[in-house]
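Peer 1: My structure is below; once you've seen it, I'll send some questions.
The values are calculated or read from the model by the stated rules, or taken from the named source; none is laboratory data. Worth saying up front: this structure is predicted, and the values here are computed from it rather than measured. Positions of Cβ are backbone-derived with ideal geometry, glycine not excepted, and every protein chain shown enters the neighbour counts.
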Amino acid sequence: MLYSAKEYEDAIASYNKAVAIKVDDHEAWYNKACCYALQRNIEQAIANLQKAIILNPECREMAKTDSDFDAIRENERFQTLIQ
């Protein structure tokens, strides 16, 4: 709900709690990456997306078309990560 309401800081805090409980929750890592990308925080978006991809390689395919990453899509490191 926080994500949908564009309360990205609160959503990130919630996802942090989720991964503290279940470190291999790829959805929480992916959603954190989305929030950071929407904030144009490239470093954190890439770091969290990388963790999500390690846990579930399907996240790579999702990120290729997810509009949440549009703000960082042209970044070279992002492009390397999703290839």
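Peer 1: Working only within the stretch 28-47, note down all residues that are within 8 Å of the chain's Cα centre (by Cα) and of a type in the set (D, E, K, R).
Peer 2: LYS32
Peer 1: Would you confirm, using the coordinates I've provided, whether ALA11 is of a type outside the set (S, T, N, Q) and modelled with pLDDT of 95 or more?
Peer 2: On the way: of a type outside the set (S, T, N, Q): yes; modelled with pLDDT of 95 or more: no.
Here the answer is no, as ALA11 does not meet what is asked.
Peer 1: Further, regarding this structure: Out of (1) in contact with a Leu (Cβ under 8 Å, 6 or more places away or on another chain); (2) at pLDDT 95 or above; (3) surrounded by fewer than 16 Cβ atoms within 10 Å (Cβ to Cβ); (4) assigned to a helix (DSSP H, G or I), the odd one out for LYS17 is which?
Peer 2: It fails just one condition, (1).
Peer 1: Taking interchain pairs and intrachain pairs at least six residues apart, which have beta carbon atoms under 6 angstrom, with the first residue in the stretch 65-83 and closer than 17 Å to TRP29 by Cβ and the second of a type in the set (Phe, Trp, Tyr)?
Peer 2: Listed by first residue and then by second, the contacts come to ILE72/PHE78.
Peer 1: With the checklist (1) surrounded by fewer than 18 Cβ atoms within 10 Å (Cβ to Cβ); (2) touching a residue at least 12 places away in the same chain (Cβ under 8 Å) in hand, flag the one item GLU43 doesn't pass.
Peer 2: (2)
Peer 1: Then there is this: Can you tell me which residues in the stretch 28-71 are assigned to a helix (DSSP H, G or I) and among the polar types (S, T, N, Q)? Working first, answer last.
Peer 2: Step one: filter the stretch 28-71 for residues assigned to a helix (DSSP H, G or I), giving 28-38, 42-55, 58-65, 67-69.
Across the stretch 28-71, the qualifying residues are ASN31, GLN44, ASN48, GLN50, THR65, SER67.
Peer 1: Filter the stretch 48-79 for residues that are of a type in the set (A, V, I, L, M, F, W, C) and under 10 Å from the mean Cα position of the chain (by Cα); which is surrounded by the most Cβ atoms within 10 Å (Cβ to Cβ)? Reasoning before the result, please.
Peer 2: Of all residues in the stretch 48-79, those of a type in the set (A, V, I, L, M, F, W, C) come to 49, 52-55, 59, 62-63, 69, 71-72, 78.
If we keep only those that are under 10 Å from the mean Cα position of the chain (by Cα) too, we end up with 49, 52-53, 59, 63, 69.
Details: LEU49: 27, ALA52: 25, ILE53: 21, CYS59: 22, ALA63: 22, PHE69: 22.
Checked the stretch 48-79; the qualifying residue surrounded by the most Cβ atoms within 10 Å (Cβ to Cβ) is LEU49.
Peer 1: Report, by residue number, each residue of the stretch 51-78 that is of a type in the set (Val, Ile, Thr) and within 22 Å of TYR8 (Cα to Cα). If you could, list the steps in order and put the result at the bottom.
Peer 2: We begin by selecting, within the stretch 51-78, every residue of a type in the set (Val, Ile, Thr); these are 53-54, 65, 72.
ILE53, THR65, ILE72, listed by residue number.
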